[in-house]
Amino acid sequence: MFQLYNHGLQKFPIKVWLEAPVQIESGCLQQAINLSNLPFLHKWVALMPDTHEGFGMPIGGVIAVEGVIIPNAVGVDIGCGMAYLETNLHKSDLTMDMLQTIVGNIMRDIPTGFSHHKKRQECRAIERFKKVLGEHSSPLDRALWEEVESGYYQVGTLGGGNHFIELQEDEQGMVCIMIHSGSRNFGYKIARHFNEVAKELNRKMSAPVPREYDLAFLPVDTEEGQSYVRWMDLALDFARENRDKMLLVVKDILAQAFPRIEFHNEINAHHNYAALENHYGEDVWVHRKGAIRVRKGEMGIVPGAMGSFSYIVEGLGNPESFYSCSHGAGRKMGRKEALREIPAEKTMADLKELGVVLGKQKKADISEESRFAYKDIDFVISQELDLVKPVKKLKTLAVVKG
């Protein structure tokens, strides 16, 4: 880890879990400098080793702020995160034909990409929220009310981009399940709506944060701030339930093929959210955008790119990162660049050579998620050994992509 602190350029330091500044892309660095000049920042900006440029705030960034919440520092996929589960199956129990069948059944039962369920689903998160909203309804809430109904059709769906469902093997060859997904378009609408609300509020109050930072904020003691917190919490609950429902489907599919299967050691954690926590004696809003919380002894999931490796880690409780670590390998190519530079045939051939079974409706954009478009996960983990202890290393057996 190194620190950047140019007193003429920054109000607060930036702590980076990498080896040198040359490993940070220029856009990411400028966004970190913008964050370091926020008047309500607490202590410093923390950048995880998978950091890269995002909207307003770098992905792989962590900040603690006093009295405000920043929609773009949470991210547009509120509650995006990981679910993980271990089984008593050994990879030798799975033939290639069985893997193909399992992948086909997952794609049959879980909508991917832009697809949603055709029938209305049960959603406990939305039902709980309706009861709360009845007590706190405001014009801001009513502006989003039409989105609530759409959530019933989106819960239990994968989405596209870097979201995935994988069957993996650990170092002993035991089969594990890993799912990456968030709050879908439901959460995206919440995020975009409140970013616009924040921008308008900041304009009216002549806020001290330049508009070009794209870090419009909401004071948490305002009606707007309280409304965002309610809707963010809904999106977090929705995202967790979304992963839970997909995990249940995968478990059922595996149980049909292997009646004696057992499941254990489940983990389900967000990596796009804000939470009120106490750090260095102050109650602050910690924003983790592409980062996970790893308090001492807390288990976390750090996925790599498809066909690569992923890690289960145990938190060491390092306060300098606000008890955080990376959420994955981190992109080294943007999506458009990856499509331009990596032919789809190369990505498909790479997965075949690695023995990975792929499930994807549309293959043309597969190189957006090629492992060649991502940083080396082993390098990322090596840069944060003061934050986490690796517990398991996992390799992809089969992957379903949106």
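The values are calculated or read from the model by the stated rules, or taken from the named source; none is laboratory data. Here the structure is a predicted model, which means the values were calculated and not measured. Heads up, the Cβs are rebuilt from the backbone with ideal geometry, glycines too, and the neighbour counts pull from every protein chain shown. Protein only, heavy atoms only, side chains kept; ligands, DNA and RNA dropped before computing areas. Shrake-Rupley method; radii C 1.70, N 1.55, O 1.52, S 1.80 Å.
Filtered by the rule that a residue be of a type in the set (A, V, I, L, M), open to solvent by less than 10 Å² (accessible area, probe 1.4 Å) and not in a strand (DSSP E or B), the stretch 64-86 gives 70, 73, 74, 78.
I need the full set of residues from the stretch 340-367 which are in a helix (DSSP H, G or I) and not β-branched (Val, Ile, Thr), in order please. Answer for the stretch 340-367, where residues must be in a helix (DSSP H, G or I) and not β-branched (Val, Ile, Thr): 340, 341, 344, 345, 346, 348, 349, 350, 351, 352, 353, 367. Screening residue 216 with (1) open to solvent by less than 20 Å² (accessible area, probe 1.4 Å); (2) part of a helix (DSSP H, G or I); (3) more than 19 Å from residue 185 (Cα to Cα) gives one miss only, at (2). Restricting attention to the stretch 223-243 and to residues that are modelled with pLDDT of 95 or more and basic (Lys, Arg), the residue that is farthest from residue 284 (Cα to Cα) turns out to be 243. Look at residue 209 and say whether it is outside any helix (DSSP H, G or I) and either within 24 Å of residue 128 (Cβ to Cβ) or open to solvent by less than 20 Å² (accessible area, probe 1.4 Å) (or both). Considered against the rule, which asks whether it is outside any helix (DSSP H, G or I) and either within 24 Å of residue 128 (Cβ to Cβ) or open to solvent by less than 20 Å² (accessible area, probe 1.4 Å) (or both), residue 209 comes out as yes. The set of residues from the stretch 272-306 being open to solvent by less than 10 Å² (accessible area, probe 1.4 Å) and of a type in the set (Ser, Thr, Tyr) is empty.
For residue 57, indicate whether it is farther than 23 Å from residue 189 by Cα, touching a residue at least 60 places away in the same chain (Cβ under 8 Å) and open to solvent by less than 10 Å² (accessible area, probe 1.4 Å). Taking the combined requirement at face value, the residue does not satisfy it.
Looking at 35, 29, 18, which is the one that is part of a helix (DSSP H, G or I), among the aliphatic types (A, V, I, L, M) and surrounded by fewer than 24 Cβ atoms within 10 Å (Cβ to Cβ)? Full working, then the answer.
Numbers: 35 fails: surrounded by fewer than 24 Cβ atoms within 10 Å (Cβ to Cβ); 18 fails: part of a helix (DSSP H, G or I).
29 is the lone residue from the list that is part of a helix (DSSP H, G or I), among the aliphatic types (A, V, I, L, M) and surrounded by fewer than 24 Cβ atoms within 10 Å (Cβ to Cβ).
The set of residues in the stretch 256-275 being in contact (Cβ under 8 Å) with a residue 40 or more places away in the chain and part of a strand (DSSP E or B) consists of 263, 264, 265, 266, 267, 268, 269, 270, 272, 273, 274. Scoring residue 104 on the criteria (1) in contact with a helix residue (DSSP H, G or I) (Cβ under 8 Å, 6 or more places away or on another chain); (2) touching a residue at least 60 places away in the same chain (Cβ under 8 Å); (3) open to solvent by less than 60 Å² (accessible area, probe 1.4 Å); (4) not polar (S, T, N, Q) leaves a single failure, condition (1). Looking at the stretch 387-394, can you tell me whether even one residue there is in contact with a strand residue (DSSP E or B) (Cβ under 7 Å, 6 or more places away or on another chain), among the charged types (D, E, K, R), open to solvent by less than 70 Å² (accessible area, probe 1.4 Å) and assigned to a helix (DSSP H, G or I)? Checking the stretch 387-394: not a single residue is in contact with a strand residue (DSSP E or B) (Cβ under 7 Å, 6 or more places away or on another chain), among the charged types (D, E, K, R), open to solvent by less than 70 Å² (accessible area, probe 1.4 Å) and assigned to a helix (DSSP H, G or I).
Residues in the stretch 316-355 that are under 21 Å from residue 177 (Cα atoms), open to solvent by less than 10 Å² (accessible area, probe 1.4 Å) and out of contact with any helix residue (DSSP H, G or I) (no Cβ under 8 Å at 6 or more places or on another chain): 1 in all.
For residue 121, state whether it is part of a helix (DSSP H, G or I) and surrounded by fewer than 20 Cβ atoms within 10 Å (Cβ to Cβ). Spell out how you get there, then give the answer.
Numbers: part of a helix (DSSP H, G or I): no; surrounded by fewer than 20 Cβ atoms within 10 Å (Cβ to Cβ): yes.
Spelling it out, it is not the case that residue 121 is part of a helix (DSSP H, G or I) and surrounded by fewer than 20 Cβ atoms within 10 Å (Cβ to Cβ).
Answer yes or no: is there a residue in the stretch 155-168 that is open to solvent by 20 Å² or more (accessible area, probe 1.4 Å), at pLDDT 95 or above and of a type in the set (D, E, K, R). Scanning the stretch 155-168, I find no residue that is open to solvent by 20 Å² or more (accessible area, probe 1.4 Å), at pLDDT 95 or above and of a type in the set (D, E, K, R), so the answer is no.
Count, please, the residues in the stretch 234-251 that happen to be out of contact with any helix residue (DSSP H, G or I) (no Cβ under 8 Å at 6 or more places or on another chain) and open to solvent by 40 Å² or more (accessible area, probe 1.4 Å).
Restricting attention to the stretch 234-251, the residues satisfying the condition of being out of contact with any helix residue (DSSP H, G or I) (no Cβ under 8 Å at 6 or more places or on another chain) are 236, 243-248, 251.
With the extra rule that they be open to solvent by 40 Å² or more (accessible area, probe 1.4 Å), the set shrinks to 244-245, 248, 251.
Final tally of qualifying residues: 4.
Only one of the numbered conditions (1) part of a strand (DSSP E or B); (2) more than 29 Å from residue 364 (Cβ to Cβ); (3) more than 13 Å from the chain's Cα centre (by Cα) is violated by residue 310, and that is (2).
Does the stretch 1-29 hold any residues that are hydroxyl-bearing (Ser, Thr, Tyr) and more than 26 Å from the chain's Cα centre (by Cα), and which are they? Show your work before the answer.
Pass one, the stretch 1-29, residues hydroxyl-bearing (Ser, Thr, Tyr): 5, 26.
Answer for the stretch 1-29, where residues must be hydroxyl-bearing (Ser, Thr, Tyr) and more than 26 Å from the chain's Cα centre (by Cα): just 5.
For residue 29, the test of being within 16 Å of residue 217 (Cβ to Cβ) and modelled with pLDDT of 95 or more is failed.
Of the set (1) without any contact (Cβ under 8 Å) to a residue 12 or more places away in the chain; (2) charged (D, E, K, R); (3) farther than 30 Å from residue 170 by Cα, all apply to residue 141 but (1). Can you say whether residue 365 is more than 21 Å from residue 167 (Cα to Cα) and not hydrophobic (A, V, I, L, M, F, W, C), as far as the supplied structure shows? Spelling it out, residue 365 is indeed more than 21 Å from residue 167 (Cα to Cα) and not hydrophobic (A, V, I, L, M, F, W, C). The set of residues from the stretch 129-170 being within 20 Å of residue 225 (Cβ to Cβ), charged (D, E, K, R) and either touching a Lys or Arg at 6+ places or on another chain (Cβ under 7 Å) or part of a loop (DSSP other than H, G, I, E, B) (or both) comprises just one member, 147.
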